[in-house]
Amino acid sequence: QVQLVESGGGVVQPGNSLRLSCVASGRAFNTYGVGWFRQTPGKDRELVAAINWTGDLTHYADDVTGRFTISRDDAKKMVFLQMNSLKREDTAVYYCAATIGRYYEPESYTDYWGQGTQVTVKS
């Protein structure tokens, strides 16, 4: 079992940066892949970034590649999403999730989710 709690959301202007954090509790967190998803009203959750259990492989959605960076610190049981050059269309609730399956496949994330943190990008 893994429990996840996100933090770091807020309101920022376009072009600025924000860093989201996800802290885990439970056993063997370092055996899970972790993904950051986002969701806006009326739309499905979208996998925007993911990292494998060893931390040496990452996956990004096309529209965040080059702007977002995912990383993990297993000693602290944390995963981060550094978001740079934010755009209005990045506005969403961001969730972290964990999987023992394929970290780059959204369908792999079934059981372990955080509660979400709101990111709003506006002038």
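Numbers at a glance
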{"read-out": "Any pair with Cβ under 8 angstrom, 6 or more apart, that starts in the range 92-115 at a residue that is closer than 16 Å to THR58 by Cβ and ends at one that is surrounded by fewer than 18 Cβ atoms within 10 Å (Cβ to Cβ) and among the basic types (Lys, Arg)", "value": "SER108/ARG102"}
{"read-out": "Hits in the range 81-92 (condition: surrounded by fewer than 18 Cβ atoms within 10 Å (Cβ to Cβ) and in a strand (DSSP E or B))", "value": "GLN82"}
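Read the figures in this text as sums done on the coordinates, not as results from a lab. This structure is a prediction, so every number in the text was calculated from the model and none was measured. Heads up, the Cβs are rebuilt from the backbone with ideal geometry, glycines too, and the neighbour counts pull from every protein chain shown.
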